[in-house]
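What follows is a set of notes on a single structure, which appears directly below.
What follows is calculated from the coordinates using simple rules that are stated; it is not laboratory data. Values in this document were obtained by computation on a predicted structure and should not be read as measured data. Ideal geometry is used to build each Cβ from the backbone, glycine not excepted, and the neighbour counts take in all protein chains shown.
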Amino acid sequence: MNKFIKWTLKIIGFVLLIFIGFKVFLFVLFYGLFGKSYTTEDLIDNYNSKTAEILEVKKYINSVTSPDLKVDIEFEDNKTLGIFHISANGSHESNWDVKIKSEKVDSLLKVIGWTIETLKTLKVKLDNANCISVSNGEPCNIGFQRSGMGKYFYNLFDTPIADSLKNNYNDSCTYILYNDKVVLEYGGGAIGSQCFPNYKRGGP
């Protein structure tokens, strides 16, 4: 009987894994085929025009999140979080496509000490910065926009990047060192190119 239960749970877990993976695949496929396209120039222009607002997002999330927690959150719209990943107490939990008004989000907010008002304030600040996601910490990682299969980010440091790390953050592929406190980033998702589209070595 115990073997039966064990195998039943394994099968259920496998089916759930396939289902979640399929949803993620559809999400990536949809945005890859029908989503708006952005460029490195758009990423830079947005930073130059929205510097204060972008820095305000960084300041806010780091002020409401304990240093021992890692929160990675992306707003799909005012009702849905495309991503709500949490690392706490040595464990990591990935959450995709969750409704803001749900028991699941309520439970996650309790873990990190946030409220619905915290989410609303964060959404407003991201909107003001023309951005969609943020991950707390050093550096603070702020997602600008999704573009095709990929996504553009800003990595914001509190202090100038050490010379020993500059080569890591200026590989002309995933990272572009924009200035001594800002690194631009591009991620191609699970199946896309991991390098900046049409980026040429030598900087933006």
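Restricting segment 65-150 to GluC sites (Glu not before Pro) that sit in a DSSP loop and have at most 12 other Cβ atoms within 10 Å of their own Cβ leaves nothing. Net length available on complete extension from Lys79 to Lys166 is 27.4 nm, with 0.36 nm assigned per residue and the Cα-Cα distance removed. With a threshold of 27 Å on the Cα-Cα distance, the over-threshold entries among Lys125/Lys166; Lys110/Lys151; Lys58/Lys110 are Lys125/Lys166; Lys110/Lys151. Computed extension length for Ser37-Thr51: 2.9 nm, one decimal, from 0.36 nm per residue of separation with the Cα-Cα distance subtracted. Let me know the shape class of segment 60-107, please: from the alpha-carbon gyration tensor, a ≥ b ≥ c as square roots of the eigenvalues, rounded when a/c is under 1.5, otherwise prolate if a/b is greater than b/c, or oblate. Prolate, since a/c reaches 1.5 and a/b exceeds b/c. Is segment 115-158 rounded, prolate or oblate when judged by the Cα gyration tensor, a ≥ b ≥ c being the square roots of its eigenvalues, rounded requiring a/c under 1.5 and prolate requiring a/b larger than b/c? Because a/c hits 1.5 or more and a/b fails to exceed b/c, segment 115-158 counts as oblate. Taking other C-beta atoms within 10 Å as the exposure proxy, His85, His92 rank His92, His85 from fewest upward. Where a ≥ b ≥ c are the square roots of the eigenvalues of the C-alpha gyration tensor, would you call segment 85-139 rounded, which needs a/c under 1.5, or, failing that, prolate if a/b is larger than b/c, or oblate? It comes out oblate by the Cα gyration axes.
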